[in-house]
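The values are calculated or read from the model by the stated rules, or taken from the named source; none is laboratory data. Please read these numbers as outputs of a predicted model, since none were measured by experiment. Glycine also receives a Cβ, built like all others from the backbone with ideal geometry; neighbour counts cover every protein chain displayed.
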Amino acid sequence: MSKPRKERAKAPSRYGNGTHPQRAPKNNYFAELMSTPEGRALRKEWSSKPRKNAGRPLGVPDGHRKQTIEPLREELRKEAEKVVQVMTKKLDVKPDDYAEEALVTAVEIMRSPDATRDRLAAARLVLDFTKQKPATKSEMAISQAESFLEGLLMEEEHNGQEAAKDPKETAH
């Protein structure tokens, strides 16, 4: 049997005590907090507490802050009032105060950089208010269908009278 090998020589540790800081166990504050019932209660309280200034305020579209959208909306409001004045003159629309306010708001929303769905709904509202809907083609189609049926009835009556006069056709 051979002798066990001699251990290789190693340099002494830089840290003096033989520990390595890279190998030290990680101490996460929240992990330790969750290990006690008091800590879990505190963490739950923090999690359920409503946030201050959480996200964008309501009504502010993507890409804007409240401070940047307010001057833009003021400008759009003035422009919408001018547009409504021009529309009332040119289209002979005579809205009352409430209707005019609603129309101004709809034009403002239509021109704003908000969601596309809101803008389309506002545009539809403005068109319904200002433009008369086109006459439906169903009225014309109904009258054409009625005249077609009348023509068929007349033709059938006419053929029926001729068939009664001609005995050869009824014999078949």
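A few remarks follow.
- Among the residues of the stretch 86-96, the ones that are over 30 Å from the mean Cα position of the chain (by Cα) and assigned to a helix (DSSP H, G or I) come to 4 in all.
- Residues of the stretch 51-82 that turn out to be loosely packed, with under 12 Cβ neighbours inside 10 Å and not in a helix (DSSP H, G or I), as a count: 11
- Ser13 being modelled with pLDDT under 80, surrounded by fewer than 11 Cβ atoms within 10 Å (Cβ to Cβ) and of a type in the set (S, T, N, Q): yes
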